[in-house]
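Quick note: the coordinates plus some simple rules give every number you see, no bench work behind them. This is a predicted model, so every value here is computed, not measured. Cβ placement follows ideal geometry from the backbone for every residue including glycine, while neighbour counts extend to all protein chains displayed.
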Amino acid sequence: MTSQQQEGYLADPTTINEFMNSLQRLFKIGIYYPSGHATLDKATERFLRLLKTVAGDQPEVTISEHGESLMVADLALAKDFPFVPEFKSLMAGLGIIAIGISREITSNEIHLFVRKMLRFRSQVLKARTFQQIEVTDLPLSINLTLKEFLARKDASISDDQSGESAESLEGFVESLSKYGLSGEEIQQCKTLLDKLPQRLSNSSVALSELPYASWDDVARLLARTIRANQQGPDDDKDRQSIHSNINALASILKKLEREATDKDSRETINLLISIIRKPFSGDAEAVTADISQVQRVFPETPYFSSEQIQLFTTKHRLHPKILQNIPEGPTSPETLSIILQLTRYEQSLANQARMQQLIREILAGPVQEKTWDILSGGLHELLKEGSPRIATALRLVAEPLRRSPHATTLYLLLLTARRCNGQETKRLWPYTVNEILVCGSSTDEQSFVALCRFAARFSPADMAAGLEHLRDLDAFQNNTIAPDIFPGLSTDCYPLFAFLLKTEIESYVGERVIGGLRRRPPEWLIKAVVHLLDLSKQEHKLFLYSYLRQAPEKSMPPVLKGAAAKIIADGLATLPQERRAESWLPETIGVLTQLPAEQTTAILEQIASERKLLFIPEWPSECRKAAQQALADHKRHR
């Protein structure tokens with residue numbers, strides 16, 4: 001292994017080796033044992049413990065390709081390690097470059113990840129032809145980097161299959177006439193397809209690391225596409241298979257379109273894409289539907305530089321007054337305003353799809369201040385009216401904003417919250433909490449913290465009233481809880497998470513809250529107890545809930561200190577031998593001087609004097625010294 005690591009990764013090569021072995025064990029037993037089985041739970045606990053050790057101060061551990069081996073937490077593994085070939089094969093088969101595992105992942109999420117990956121691998125092994133397996137529906141605490149499916153340099157027609165490929169190609173070209181193409185256009189498509197193997201071979205991308213796709217596959221995909229358009233899929237399974245084939249073919253053609261330098265080739269590829277992307281239907285009228293209803297794959301509007309425009313106006317001697325009279329198209333803010341007005345009324349599915357497409361185009365780039373003003377103002381009007389259409393409007397806007405690198409739904413909701421008062425804020429509360437849970441803090445931490453403060457100031461009764469609407473949104477419906485919902489928040493945000501601990505997503509929220517408190521504890525009491533909290537125990541869960549409710553107060557009530565003393569004393573008494581060298585222990589033992597002596601004296605004496613075989617201390621010297629000092633302090637305060 002190499003020894004260079006980023007700052008924050010603290011694990012040594014031995015620990016990383018143990019970490020990968022523990023993950024490999026989960027892959028081996030995860031398919032056989034159900035969640036809750038003692039064998040699987042024990043293996044999961046070991047993996048999660050090693051995950052946090054390897055992660056150090058980093059939010060996740062990344063497993064990525066590294067030549068013939070793997071890179072884990074910026075350490076290159078030796079290729080002869082037993083688990084390396086297995087993971088290399090798994091990642092290569094699914095087209096995965098890197099896997100990021102959040103340090104706050106829960107046991108249920110890691111079980112889901114393992115079983116999904118095994119299912120995807122099974123699909124790859126059973127596939128008889130090239131197809132792109134969609135690696136989807138993984139937990140948000142798993143971050144995948146995928147390869148782009150293109151063609152290799154050695155993609156050519158094999159001798160034994162050339163007849164089949166040529167037949168497929170001819171069949172496809174002949175079918176183009178049914179789409180209304182002229183003879184000249186059909187010949188242009190045929191010329192391009194004849195040259196396609198050469199274009200695939202001359203690709204400038206480093207294709208050696210890309211998933212395999214031969215020219216035979218391309219020809220079959222072309223033929224399969226045209227047959228599907230003519231006959232229509234028999235069932236949903238066939239439809240999904242056809243869509244998968246078209247996505248794979250479109251990826252290849254899109255790459256060729258970007259590299260094509262001549263105008264004819266670009267136009268021909270765009271033409272082919274528009275044909276194979278048409279919706280499937282056995283109805284001839286549907287095939288010849290208005291082309292404006294077909295989604296654009298490549299931009300249709302040509303780009304002209306200012307120099308080209310100036311050259312055109314000079315050549316044709318256009319007077320500036322003529323140019324001023326050319327009407328401008330509607331601006332993006334005007335279009336957005338109209339769409340928000342339309343959300344007040346029921347719309348057909350086709351109209352909703354068109355509205356969402358327009359919003360995607362408007363929000364694709366950096367969002368201007370005027371656009372933010374229109375969006376927040378439109379949402380505020382719906383909230384003010386008490387319209388149930390607010391959910392529709394937010395759904396249309398949220399999807400493109402969540403994907404945008406330039407903007408977030410968190411900022412939009414923050415602007416909207418600033419416009420609201422009274423009953424309006426109560427109507428906004430469930431949508432705000434949903435975005436807090438789904439988006440997390442990494443996309444826009446400043447807006448995230450401000451929204452947490454806004455959502456936490458409501459009374460428990462108001463939160464309970466908004467819970468019914470919150471349960472209908474995707475955070476609760478799909479358990480899409482971001483791994484970073486509890487960064488270094490101030491204590492005035494804690495009541496929101498206390499409320500969420502009483503809902504059906506308590507396990508997801510609780511794990512993330514404990515992880516955040518371990519990284520950035522706000523004060524001494526929770527810093528001492530958080531490493532011993534176990535949310536499978538009801539008394540620990542009640543303590544965490546009470547602490548989050550009381551944390552905004554200046555001082556902790558005695559009953560909470562007594563509960564903390566009991567958790568620490570019981571936890572230290574049963575702490576396994578292998579955990580007694582962890583760095584947090586001496587400080588936790590020292591804090592016991594500030595807790596009730598009647599609950600802590602016995603465990604302090606045990607730590608200070610307990611020995612095995614009469615001579616060997618049970619606890620490390622740092623822990624014994626901390627316990628002896630705490631006992632001395634107890635005696636002084638009597």
Length released on extending from Lys116 to Asp570, taking residue separation times 0.36 nm less the Cα-Cα span | 159.6 nm
Could you tell me which of the pairs Lys502/Lys537; Lys527/Lys566; Lys502/Lys561; Lys28/Lys116 are separated by over 18 angstrom between their Cα atoms in the structure shown?
-> Lys502/Lys561
How large are Rg and Dmax for region 13-146 when only the alpha carbon atoms are used, in Å?
-> 14.3, 44
Determine the equivalent ellipsoid of region 471-565 by diagonalising the alpha-carbon gyration tensor, then write out the semi-axes as square roots of 5 times the eigenvalues, largest first, rounded to whole Å.
-> 23, 14, 12
Assign unit charges at the C-beta atoms only (+1 for Lys and Arg, -1 for Asp and Glu), then state the dipole size of region 13-146 relative to its Cα centre in Debye, rounded to the nearest 20.
-> 540 debye
Normalised per residue, the volume inside the convex hull of the alpha-carbon atoms of region 73-132 in Å³ amounts to 111 Å³
What full-extension length gain, to one decimal in nm, is calculated for Gln352 and Ala581 as 0.36 nm per residue of separation minus the Cα-Cα distance?
-> 76.5 nm
Ranked by how many other beta carbons lie within 10 Å on average, peptides 351-358, 110-117 from highest = 110-117, 351-358
Whole-Hz ³J(HN,Hα) from phi, Karplus 6.51 cos²θ - 1.76 cosθ + 1.60, for region 388-394, glycine and proline x = x, 6, 4, 5, 5, 4, 5
Please sort 541-552, 463-474 by packing, taking for each peptide the average over its residues of neighbouring beta carbons within 10 angstrom, highest first.
-> 541-552, 463-474
More than 18 Å apart: what percent of Cα pairs in region 314-407 qualify?
-> 51 percent
Amide H of Gly488: which non-local residues (sequence gap of 5 or more, or other chain) have their own amide H closer than 5 Å, using H built in the peptide plane?
-> none
Under the Karplus curve 6.51 cos²θ - 1.76 cosθ + 1.60, θ = phi - 60°, whole-Hz ³J(HN,Hα) for region 360-370, x wherever Gly or Pro sits | 4, 5, 5, 9, 5, x, x, 8, 7, 4, 5
Burial order of peptide ranges 434-444, 586-596 (average beta-carbon count within 10 Å, highest first) = 434-444, 586-596
Where the centre of each part is set by its Cα atoms, how far does region 488-512 sit from region 370-394, in angstrom?
-> 28 Å
